[in-house]
Structures are given as C-alpha cells and as structure tokens.
Amino acid sequence: MSGKKRQPSLAQLRAFDAVAEHLHFRDASAAAIGMSQPALSGAVSALEEALGVTLLERTTRKVLLSPAGERLAVRTKAVLAEVGALLEEAEAVRAPFTGALRLGVIPTVAPYLLPTVLRLVHDRYPDLDLQVHEEQTASLLDGLTTGRLDLLLLAVPLGVPGVAELPLFDEDFVLVTPLDHRLGGREGIDRSVLRELNLLLLDEGHCLRDQALDICREAGRADVPATTTAAGLSTLVQLVAGGLGVTLLPRTAVRVETSRSSQLLTGSFADPAPTRRVALAMRTGAARSAEYEELAAALREAMADLPVRTVSE
C-alpha cells in the first residue's frame with residue numbers, strides 16, 4: 001500500500017510560479033514578496049519532492065524549466081488564479097466596495113477622466129482602496145487576464161475572448177491646428193481633408209494612434225508617414241503649436257491639452273464626426289462583476305458634465 005501523497009502548499013506553488021516567470025531565483029525572490037532567495041529555492045525543491053517530478057534544470061548561470069515544469073507551470077498559474085478568484089469572491093460577498101481595486105487606465109484617458117473617477121470613488125465608495133496603473137492597452141489586457149489587474153478603463157472595442165466590456169460613453173475627435181492653419185477653428189470640417197493633411201501621431205502601441213489611422217483609412221487615406229511621433233498627447237500638441245502639422249484629439253483631452261499653448265486652434269468635424277468609445281473592461285464572470293456594473297452606472301452619471309455622450313449597455 002503506497003503512502004499518502006503530500007499536498008503542495010500555496011507558498012510552494014507561488015514560489016514555482018515566480019521562478020517559472022522570471023527563470024532567475026534572485027529576480028523571482030524580489031517578485032515573491034516576503035520570501036528570501038534560499039527560501040524560494042527550498043520551496044521549489046519541496047514542491048518537486050511533493051509532486052515527484054523535476055520542475056527545473058539548474059545550472060550555475062541560469063534556471064530552465066524541465067519538460068514537466070513547462071507543463072505544470074501553466075497549471076500552477078491557473079490554480080493560483082482560481083485561488084485569487086476564491087479570495088476575491090469571498091471579499092466581495094463579505095463587503096462590496098471594500099478592499100483593493102486595481103484599475104488599469106490607458107495614457108490617453110488617464111489625465112482627463114481620472115479626476116472624475118477619483119472624486120466618485122472618494123465620495124461614494126470611501127472604503128474602496130483604488131490602485132491606479134497607467135499602461136498601454138496590450139499591457140493592461142495582459143494584466144487583466146493574468147489577474148494582476150481587476151478592471152480596465154480604456155477605448156473599445158477590444159474583441160478579446162474572456163473580457164467583457166461595460167460601455168461608458170462616446171466622444172468625438174477634434175482637429176487641432178496651428179493658429180495660421182486654413183482649417184483652424186472651423187466647424188463642419190469634412191473628414192476627407194484628412195487625406196492630405198500632415199497628421200502627427202502618437203508612438204506605436206498607443207490605441208489612439210490606431211484609431212487615428214482607422215479614421216484616415218475611412219477618409220480614403222492609405223497611410224500616414226511617421227516622420228514625427230510623440231510618446232504622449234502633451235508633446236503631440238506642442239509639436240502642432242510649433243507648426244509641424246496637425247493632430248486629432250479626443251474631446252475630453254482638448255481643454256487640458258490646448259490650454260498649454262496660445263498657438264492652437266481646434267476645429268470640429270461634420271456629422272457623423274469620427275468618435276471613440278470608452279468603457280470599463282473586466283474578466284468575463286469576474287467575482288465582483290455586480291460591483292463593476294454598479295461602478296459603470298455611477299461613472300456614466302458622474303461623466304454627464306463632460307463633453308461626451310454617455311451610453312448604456
């Protein structure tokens with residue numbers, strides 16, 4: 001009769017997950033909070049003994065996953081994600097809108113909407129520990145699907161399996177030009193003008209860049225030569241003020257960004273104007289989905305004073 005198998009502990013699984021992600025004990029020990037490098041190594045060894053398999057191939061210079069480690073690393077991450085969901089659900093049942101909420105926000109939304117979000121949370125959900133992470137869309141989605149983030153505030157549609165969207169509002173894009181530009185301050189601009197303009201864009205990776213390119217394609221423009229780009233909207237607007245070209249801004253960004261210079265004018269497009277939709281995004285079936293839906297409804301109400309058109313699901 002075989003002896004009873006020892007069950008791996010959560011600490012051992014977290015240690016292995018950290019090492020599998022970083023393939024380095026020192027880096028993993030920094031990521032695995034409260035666990036020294038020797039303790040981390042010991043925990044992984046104990047897990048190997050409990051499972052009866054070799055998970056790592058250790059050399060003097062680096063750590064590699066064994067074939068068994070490759071397979072079990074995936075399962076380990078899934079187990080830890082489920083444990084996290086269990087704890088999250090228990091917390092949500094115990095007391096809604098308490099504890100930590102890790103919110104990811106894209107850079108072309110954060111400066112313009114966070115004041116409204118923070119004011120709402122402060123006034124209506126004072127026991128909620130809101131933690132904000134500003135990152136580009138791809139990084140945010142990775143953080144959401146791996147459990148590093150709980151909720152996202154970003155432009156949609158995303159079209160990502162396992163991610164549900166809670167729409168908040170639509171907003172128009174406006175054309176930002178130097179003072180002496182022929183389209184400066186005009187209303188009812190036909191979007192066909194985008195075929196010929198020297199349009200300045202954000203760097204690769206920003207969803208606003210992709211949206212601007214989509215708008216140009218819809219206007220009949222094949223491409224936009226990337227002669228000059230910027231890492232953020234503030235820089236982009238300064239380039240326009242300096243006469244290097246024109247750009248597109250979402251309307252929520254206009255007041256903040258154009259107030260930095262007296263050398264700018266904004267023009268509005270004829271209907272239907274190019275728009276973007278901003279939404280909250282969560283994991284499908286998230287334990288706190290009822291809270292997130294309530295938060296979305298509260299945000300739509302709070303954003304009624306912004307230059308946007310709020311939308312319901």
* Residue among Ala287, Ala297 that alone is without any contact (Cβ under 8 Å) to a residue 12 or more places away in the chain, farther than 20 Å from Cys216 by Cα and open to solvent by 20 Å² or more (accessible area, probe 1.4 Å) -> Ala297
* Asked: In region 76-122, what residues are modelled with pLDDT of 90 or more, open to solvent by 50 Å² or more (accessible area, probe 1.4 Å) and within 15 Å of Arg288 (Cβ to Cβ)?
  -> Arg102
* To do: Pick out the one residue from Glu57, Glu135, Glu70 that is out of contact with any Leu (no Cβ under 6 Å at 6 or more places or on another chain), over 22 Å from Thr252 (Cβ atoms) and either open to solvent by 50 Å² or more (accessible area, probe 1.4 Å) or touching a residue at least 24 places away in the same chain (Cβ under 8 Å) (or both).
  => Glu70
* Structure fact -> Checked Val256, Val246 against criteria (in contact (Cβ under 8 Å) with a residue 60 or more places away in the chain, among the aliphatic types (A, V, I, L, M), under 24 Å from Ala155 (Cα atoms) and surrounded by fewer than 20 Cβ atoms within 10 Å (Cβ to Cβ)); the one match is Val256
* **Any hit, region 186-208, residues being open to solvent by less than 20 Å² (accessible area, probe 1.4 Å), polar (S, T, N, Q), at pLDDT below 95 and over 30 Å from Val79 (Cβ atoms)** => no
* To do: With respect to Leu248, determine if the residue is within 29 Å of Ala100 (Cβ to Cβ) and not aromatic (Phe, Trp, Tyr).
  => no
* Residue among Leu118, Leu158, Leu201, Leu168 that alone is more than 21 Å from Leu265 (Cβ to Cβ) and either charged (D, E, K, R) or in contact with a Lys or Arg (Cβ under 8 Å, 6 or more places away or on another chain) (or both) -> Leu168
* Looking only at region 272-297, which residues are charged (D, E, K, R) and at pLDDT below 90? -> Arg288
* How about region 172-208: which of its residues are in a loop (DSSP other than H, G, I, E, B) and either aliphatic (A, V, I, L, M) or touching a Cys at 6+ places or on another chain (Cβ under 6 Å) (or both)? -> Leu179, Leu183, Leu197, Leu200
* Given the structure, is Thr235 in contact with a helix residue (DSSP H, G or I) (Cβ under 9 Å, 6 or more places away or on another chain), surrounded by 13 or more Cβ atoms within 10 Å (Cβ to Cβ) and either polar (S, T, N, Q) or more than 22 Å from Thr98 (Cα to Cα) (or both)? -> no
* Asked: Of the residues that sit in region 261-284 and are under 19 Å from Gln211 (Cα atoms) and under 19 Å from the mean Cα position of the chain (by Cα), which one is most open to solvent (accessible area, probe 1.4 Å)?
  -> Arg277
* Asked: What is the one condition in (1) crowded, with 17+ Cβ neighbours inside 10 Å; (2) of a type in the set (S, T, N, Q); (3) closer than 26 Å to Ala138 by Cβ that Thr229 does not satisfy?
  -> (1)
* Asked: Just checking, how many residues over region 225-277 are in a strand (DSSP E or B), more than 10 Å from Thr177 (Cα to Cα) and of a type in the set (A, V, I, L, M)?
  -> 2
* Boolean, Leu23 is surrounded by fewer than 16 Cβ atoms within 10 Å (Cβ to Cβ), in contact with a strand residue (DSSP E or B) (Cβ under 9 Å, 6 or more places away or on another chain) and modelled with pLDDT under 85 -> yes
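The values are calculated or read from the model by the stated rules, or taken from the named source; none is laboratory data. This one's a predicted model, so the numbers in the text were calculated from it and none came from an experiment. Positions of Cβ are generated from backbone atoms using ideal geometry, with glycine treated the same way; all protein chains shown enter the neighbour counts. Ligands, DNA and RNA are stripped out before the accessible areas are found, and what is left, the full protein with its side chains, is counted by its heavy atoms. Shrake-Rupley method; radii C 1.70, N 1.55, O 1.52, S 1.80 Å.
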